[in-house]
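Values quoted throughout were computed directly from the atomic coordinates according to the rules given, and no laboratory measurement underlies them. Keep in mind it's a predicted model, so treat the numbers as computed, not measured. With ideal geometry, Cβ positions are generated from the backbone for all residues, glycine too; neighbour counts draw on all protein chains shown.
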């Protein structure tokens, strides 16, 4: 278990993918936020760092969202012409309207949305009947997302059997 701060010092690789040059793991949310802010300030770039929040280390939705919003808050405080990052809503009442009251539930909610978005980008339709809901264990959702990310788009426009 650890929050992962990704530092991007090398730009895009030969495949056009921005990969971290190093990753720093910490269980301290304040340290993770400090690392992100320091790297973004050092380079004056919104692409210098990001953080993968480990929901298991967060005591509340506010803590989870606050850490995840660190890069966007830095950019709001240090505007760069033509650059924008959106903030995830920090108000727990907002999330409660969706039945999301814990960091784990918010992680599931976001994973399910990411799965749907990635599926649509790959196959031009939203997934139907994939069987995953907020009651699905988070490990199953992560595994389905990983399988989808590893699949090449099909040429015959057929949906894969995930």
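Expressed as a fraction of 2.2 N^0.38 Å, the value expected for a compact globular protein of N residues, the C-alpha radius of gyration of the stretch 1-90 is 1.07.
Compute the Rg to Rh ratio over the chain from the alpha carbon atoms, using the Kirkwood formula for Rh, and round to two decimal places.
Answer for the chain: 0.99.
So how tilted is helix 138-150 from the main axis of the chain? Cα-based, degrees 0 to 90, rounded to 10. So the helix axis and the longest Cα principal axis differ by about 80 degrees.
Each Cα pair under 8 Å and six or more residues apart adds its separation to the average, and for the chain the resulting relative contact order is 16 percent. Ordered by the number of other Cβ atoms lying within 10 Å of each residue's own Cβ, fewest first, 22, 128 fall into the sequence 128, 22.
So which residue, out of 90, 77, 105, gets the largest mean-square fluctuation from a GNM of the chain using Cα contacts under 10 Å as springs? Taking springs between Cα atoms under 10 Å, the residue moving most is 77.
Which whole-number percent is the relative contact order of the stretch 1-90 (Cα, under 8 Å, 6+ apart)?
Details: 134 pairs, mean separation 25.3, N = 90.
Computed over the stretch 1-90, the figure is 28 percent.
Among 148, 67, 112, which one moves the most in a GNM of the chain with springs linking Cα atoms closer than 10 Å? Looking only at 148, 67, 112, the biggest GNM fluctuation is shown by 148.
Helix 103-123 and the longest principal axis of the Cα set of the chain meet at an angle near 60°. By how many degrees, 0 to 90 and rounded to 10, does the Cα axis of helix 29-43 deviate from the longest principal axis of the chain? The angle comes out near 70 degrees.
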